[in-house]
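Structure first, commentary second.
The values are calculated or read from the model by the stated rules, or taken from the named source; none is laboratory data. No experiment lies behind these values; they were computed from the predicted model shown. Using ideal geometry, Cβ is built from the backbone for each residue, glycine included, and neighbour counts are taken over all protein chains shown. For accessibility, only protein heavy atoms count, side chains too; no ligands or nucleic acids. Shrake-Rupley method; radii C 1.70, N 1.55, O 1.52, S 1.80 Å.
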Amino acid sequence: MTITNTSSSFGWLTRLLHWLVAVHILGLIALGWYMVDLSYYDPNYHDSLSYHKAFGMLALTLAGVKVIWFGINTQPAPTVALPAWQEQASKAVHLLLLGLILVIPISGYFISTSAGDGIDLFGWIEVPALIDVSDSWRELAISTHEFLAYGILALTGLHASAALKHQFIDKDGTLKRMLW
């Protein structure tokens, strides 16, 4: 298997980025759900928040690499001819997912740095607060972050359902192309 995609298959870097981003985003959503039930004084609250921020910045980095790699790499054709609506829906869902994997962590960055503090990455480095965020922009970022997290879950469910349909009902090998 090559690093780059071909007209008929995904390269190993595309597969790796796909699964790393998916695991990161889903893990961050699970951690976020866990955190919202914690009070500020809960012993797990501050550690959970620190991990959520640090892994969120890692997710943003991976997402940035994934989006750039998507833009400069060949995209394999579908394994079989699809009806036009399915091909358009597939492209739309993929583009929306690519956008969301960037926008969700960016909104988290604005929330986390709105007080002017940077984000500590596991004690290694700090991502600085780059711009001042007003209270109204912070509230917008919070709403965006939460709303789009639900949105990416819905789109991920649609994406996974389509892959499973193609693999097990249509038996066209679509899912197999993204597995090792």
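Of the residues making up region 137-152, those that are of a type in the set (A, V, I, L, M) and open to solvent by less than 50 Å² (accessible area, probe 1.4 Å) are A141, L148, A149, I152. All of (1) surrounded by 16 or more Cβ atoms within 10 Å (Cβ to Cβ); (2) among the aromatic types (F, W, Y); (3) closer than 21 Å to Q167 by Cβ hold for W85 with one exception: (1).
Taking every residue in region 95-114 that is in contact (Cβ under 8 Å) with a residue 40 or more places away in the chain and pairing it with any residue that is among the basic types (K, R), at least 6 positions away or on another chain, the pairs with Cβ-Cβ distances below 6 Å are S112/K53.
Look through region 126-136, keep the residues that are under 29 Å from G71 (Cα atoms) and β-branched (V, I, T), and return whichever of them is least open to solvent (accessible area, probe 1.4 Å). Here the residue is V127.
Search region 88-114 for residues being touching a helix residue (DSSP H, G or I) at 6+ places or on another chain (Cβ under 9 Å) and open to solvent by 60 Å² or more (accessible area, probe 1.4 Å), and hand back the single one that is farthest from S48 (Cα to Cα). Here the answer is H94.
Selection of first residues in region 13-29 that are open to solvent by less than 40 Å² (accessible area, probe 1.4 Å) and of second residues that are outside any helix (DSSP H, G or I) and of a type outside the set (A, V, I, L, M), restricted to Cβ pairs under 7 Å at least 6 apart or on distinct chains, gives the following pairs, ordered by first then second residue: T14/N5; T14/N73; R15/W180. Among the residues of region 68-89, those that are without any contact (Cβ under 8 Å) to a residue 60 or more places away in the chain and farther than 19 Å from L158 by Cβ comprise I68, W69, G71, I72, A81. If the condition is being touching a Leu at 6+ places or on another chain (Cβ under 7 Å) and open to solvent by 40 Å² or more (accessible area, probe 1.4 Å), then region 30-51 contributes N44, Y45, Y51.
For A160, the conditions (1) assigned to a helix (DSSP H, G or I); (2) open to solvent by 50 Å² or more (accessible area, probe 1.4 Å); (3) without any contact (Cβ under 8 Å) to a residue 12 or more places away in the chain all hold with the exception of (2).
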